[in-house]
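Chemist: To start, I am sharing the structure in question, which I have written as structure tokens.
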Amino acid sequence: MKFAFFDTKPYDKPAFEKYGKEYGIKFKFFETKLNEDTVGLAKGFDGVCAFVNDTVNENVIEHLHQMGVSVIALRCAGFNNVDVKAAYGKIHVLRVPAYSPYAVAEHAMALLLTSIRRIHKAYIRSKEFNFSLAGLTGFDLFGKTVGVVGTGRIGRVFIDICRGFGMNVLAYDKFPSKELEAMENVRYTTMEQLLEKSDIISLHCPLTEETYHLIDEEAVDKCKKGVILINTSRGALVNADALLAGIKSRKIGAACLDVYEEEAEWFFEDNSGHIMEDDTLARLISMPNVIVTSHQAFLTEEALSNIAETTVKNISKHFKEGKCKNEICYRCGKVEDCNKGKCF
């Protein structure tokens, strides 16, 4: 089997080459992203391997289908960049539902601690031998209330970390976990109450029509003054303009962002020699109470290995058995465990 691997970074190759060799899958690595202009590179391949900022719209899918490509193997959990409706009946779409919830949850906490204890500012000062403590006062996490939106794998790990700091947890999820409900200092509540009562809000939910711009101007208005917002999930969960307005009005005390709604053009690339044309992103980065990392929460050795292994196993299982539990099924509405055999 031959797969065209798009949006390749140096850290992708070792694990995919290792597992590809084990399962008889050859990857051709392309640095370019998959989109309407580059889709022709997939000609002659059995499938493509895509990432979060590849464009897999209806036109790309139609071109892939016409070239005989039968599988789109996503090496990520999110699939909002894929037109699954257009893919139905033409191309099988596989994903990695979980790779390391610890990686993302720990990064979210790292961002929070960096922000509230001014670690980033202290680091820069000490590099210049400035050891003044002025302006570096933070606050304790112990006893604070954190609102966690989304209590799947990552959200649950983040909750465990917060409980370890002695924090009180307000959780919101359409499908509450009985296990979490039974835990001390964890309580499910409405989204409105979570916004009103939380000192810190961390987003760990997928991007859907319901969650698009979950944090908008109205949501910001409902938040406590000085709330800290963390987003390590999907950029479009947050309306960036509303976030910027909330920071300027002092309603939002700080923002910790690993994702951004319009990140596709900027993240994962070195743009240090270019003028930042995205005014909203430029202003956010310039704010002293905003920390932005470039979608790196997943980037641990363990996660990279798990991503490669699961992606390769997905491909192998599909071609050997004709089905894969991690296939995204448009018809029955499931995003995994679709083994009915009638949905394609």
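Chemist: Got a sec? Which of Val48, Val52, Val60 is part of a loop (DSSP other than H, G, I, E, B) and of a type in the set (A, V, I, L, M)?
Modeler: Every option except Val52 fails the conditions.
Chemist: Can you run down the residue pairs with Cβ atoms below 7 Å, 6 or more apart or on separate chains, where the first is in the range 159-171 and β-branched (Val, Ile, Thr) and the partner is part of a loop (DSSP other than H, G, I, E, B) and open to solvent by 40 Å² or more (accessible area, probe 1.4 Å)?
Modeler: If the second residue must be part of a loop (DSSP other than H, G, I, E, B) and open to solvent by 40 Å² or more (accessible area, probe 1.4 Å), the pairs left are Val169/Asn185.
Chemist: Among the residues of the range 302-328, count how many are under 25 Å from Ala105 (Cβ atoms), in a loop (DSSP other than H, G, I, E, B) and touching a strand residue (DSSP E or B) at 6+ places or on another chain (Cβ under 8 Å).
Modeler: 2
Chemist: Can I ask one more? Identify all residues within the range 69-87 that are more than 18 Å from the chain's Cα centre (by Cα) and either part of a helix (DSSP H, G or I) or among the aliphatic types (A, V, I, L, M) (or both); write none if there are none.
Modeler: If the condition is that a residue be more than 18 Å from the chain's Cα centre (by Cα) and either part of a helix (DSSP H, G or I) or among the aliphatic types (A, V, I, L, M) (or both), then Val69, Val71, Ile72, Val84, Lys85, Ala86, Ala87 are the ones that fit.
Chemist: Report the residue count in the range 8-43 for those that are part of a loop (DSSP other than H, G, I, E, B) and closer than 15 Å to Thr310 by Cα.
Modeler: 3
Chemist: Inside the range 158-169, can you point out the residues that are open to solvent by 10 Å² or more (accessible area, probe 1.4 Å) and either on the phi < 0 side of the Ramachandran plot or among the polar types (S, T, N, Q) (or both)?
Modeler: Asp160, Ile161, Arg163, Gly164, Phe165, Asn168 - these are the residues of the range 158-169 that are open to solvent by 10 Å² or more (accessible area, probe 1.4 Å) and either on the phi < 0 side of the Ramachandran plot or among the polar types (S, T, N, Q) (or both).
Chemist: Looking at Glu106, is it more than 26 Å from Val259 (Cα to Cα), touching a residue at least 12 places away in the same chain (Cβ under 8 Å) and open to solvent by 10 Å² or more (accessible area, probe 1.4 Å)?
Modeler: no
Chemist: How many residues does the range 204-219 hold that are open to solvent by 70 Å² or more (accessible area, probe 1.4 Å), in a helix (DSSP H, G or I) and in contact (Cβ under 8 Å) with a residue 12 or more places away in the chain?
Modeler: So the count comes out to 1.
Chemist: Show the residue pairs that are 6+ apart or on different chains and have beta-carbon atoms under 7 Å apart, the first residue being within the range 27-42 and in contact (Cβ under 8 Å) with a residue 24 or more places away in the chain and of a type in the set (A, V, I, L, M, F, W, C), the second being part of a helix (DSSP H, G or I) and open to solvent by less than 30 Å² (accessible area, probe 1.4 Å).
Modeler: These pairs meet every condition: Phe27/Phe16; Phe27/Gly20; Leu34/Val60; Val39/Val60; Val39/Leu64; Ala42/Leu64.
Chemist: If Phe268 meets every condition in (1) farther than 18 Å from Thr232 by Cα; (2) at pLDDT below 95 apart from one, which number is that one?
Modeler: If we test Phe268 against (1) farther than 18 Å from Thr232 by Cα; (2) at pLDDT below 95, just (1) comes out false.
Yes or no, residue by residue, for (1) more than 26 Å from Gly155 (Cα to Cα); (2) open to solvent by 10 Å² or more (accessible area, probe 1.4 Å); (3) not aliphatic (A, V, I, L, M):
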position	(1), (2), (3)
Ser70	yes, yes, yes
Ala87	yes, no, no
Leu94	no, no, no
Tyr99	no, yes, yes
Leu112	no, no, no
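Chemist: Given the criteria within 27 Å of Asn306 (Cα to Cα) and either among the acidic types (Asp, Glu) or touching a residue at least 24 places away in the same chain (Cβ under 8 Å) (or both), does Leu194 qualify?
Modeler: No: the conditions fail for Leu194.
Chemist: If you take the residues of the range 137-157 that are open to solvent by 60 Å² or more (accessible area, probe 1.4 Å) and in a helix (DSSP H, G or I), which of them is nearest to Met191 (Cα to Cα)?
Modeler: Arg156
Chemist: Out of the range 240-264, which residues are assigned to a loop (DSSP other than H, G, I, E, B) and open to solvent by less than 40 Å² (accessible area, probe 1.4 Å)?
Modeler: Asp258, Val259, Tyr260 - these are the residues of the range 240-264 that are assigned to a loop (DSSP other than H, G, I, E, B) and open to solvent by less than 40 Å² (accessible area, probe 1.4 Å).
Chemist: Also, quick follow-up: Given the options Lys174, Lys224, Lys197, name the one that is basic (Lys, Arg) and open to solvent by less than 80 Å² (accessible area, probe 1.4 Å).
Modeler: Lys224
Chemist: Only one of these conditions is not met by Gly78: (1) touching a Pro at 6+ places or on another chain (Cβ under 7 Å); (2) buried (at least 23 other Cβ atoms within 10 Å of the Cβ). Which number is it?
Modeler: The number of the failed condition is (2).
Chemist: If you scan the range 114-136, which residues turn out to be of a type in the set (A, V, I, L, M) and open to solvent by less than 60 Å² (accessible area, probe 1.4 Å)?
Modeler: Result: Ile116, Ala122, Leu136.
Chemist: Within the group Lys224, Lys127, which residue is more than 30 Å from Asn53 (Cβ to Cβ) and either touching a residue at least 12 places away in the same chain (Cβ under 8 Å) or of a type in the set (Gly, Ala, Ser) (or both)?
Modeler: Lys224
The values are calculated or read from the model by the stated rules, or taken from the named source; none is laboratory data. Everything quoted here is computed from the prediction, not taken from an experiment. Using ideal geometry, Cβ is built from the backbone for each residue, glycine included, and neighbour counts are taken over all protein chains shown. In case anyone asks, the SASA skips ligands and DNA or RNA and just uses the protein heavy atoms, side chains included. Shrake-Rupley method; radii C 1.70, N 1.55, O 1.52, S 1.80 Å.
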